[in-house]
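Asks: Sharing a structure, written as structure tokens. Questions coming.
What follows is calculated from the coordinates using simple rules that are stated; it is not laboratory data. Since the structure is predicted, the reported quantities are computational estimates derived from the model, not experimental observations. Virtual Cβ from ideal backbone geometry, glycine too; neighbours counted across all protein chains shown.
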Amino acid sequence: MELNSFSARGIGNAIVLSWRIEGESSVIQYYLRRREGTGEYWALAKIPGSVSSPSSKTYSYIDEDVTQGYTYYYKLGMVKTNGNTQWYGPVSAGIAGIKGYLKISPNPFGKTTVISFTRIVQSAEG
């Protein structure tokens, strides 16, 4: 069994984690762990494995409990039938946010009104 890839990417308001296994052997479960910034990793999800499969398989998990402008780090654990867990990662991702600020001056009921709009785009690591 070989882990071919493990990735995280921000899509919309969520982070999608995906991994591909080339031939699954004795894997009963996958653990996903997450941390924010410099905090500690904590258990995010448990996904059942196929135990044994000669063909390639792709898994995915959608983390919707994320906030714009933060970077999240993920680790993947493969739990074998013998109880051993092999860890991969970390991979990181974030979601970008767009904030708008509308300023109208002077008072809209005056003779002239100037409307200014500023769009601030925050980027996230991915």
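Asks: Net charge near A14: determine it from the other residues with C-beta under 14 Å of the C-beta of A14, scoring Lys and Arg +1 and Asp and Glu -1.
Replies: Once all neighbours under 14 Å are counted, the net charge is -1.
Asks: Test of understanding: what is the full-extension gain from K57 to E36, defined as 0.36 nm times their sequence separation minus their Cα-Cα distance?
Replies: Here the segment from K57 to E36 would lengthen by 4.7 nm.
Asks: Quick one: Debye curve from the C-alpha atoms of the range 1-99, no solvent, what's log10 I(q)/I(0) at q = 0.12, 0.15, 0.25 Å⁻¹?
Replies: Per q value, in the given order, log10 I(q)/I(0) is -0.39, -0.59, -1.31.
Asks: Let me ask something additional. Suppose each label sits 7 Å from its Cα in the direction of the beta carbon; what would the R20-Q86 distance come out to in nanometres?
Replies: Distance between label points: 1.8 nm.
Asks: Give me the tail of P(r) for the range 1-53 as a percent: Cα-Cα pairs with distance above 12 Å.
Replies: Of all Cα-Cα pairs in the range 1-53, 73 percent lie more than 12 Å apart.
Asks: Could you list which residues have their amide H under 5 Å from that of G69, counting only those 5 or more apart in sequence or on another chain, with H placed in the peptide plane?
Replies: Under 5 Å from the amide H of G69 lie the amide H atoms of I95, G97, each far enough along the sequence or on another chain.
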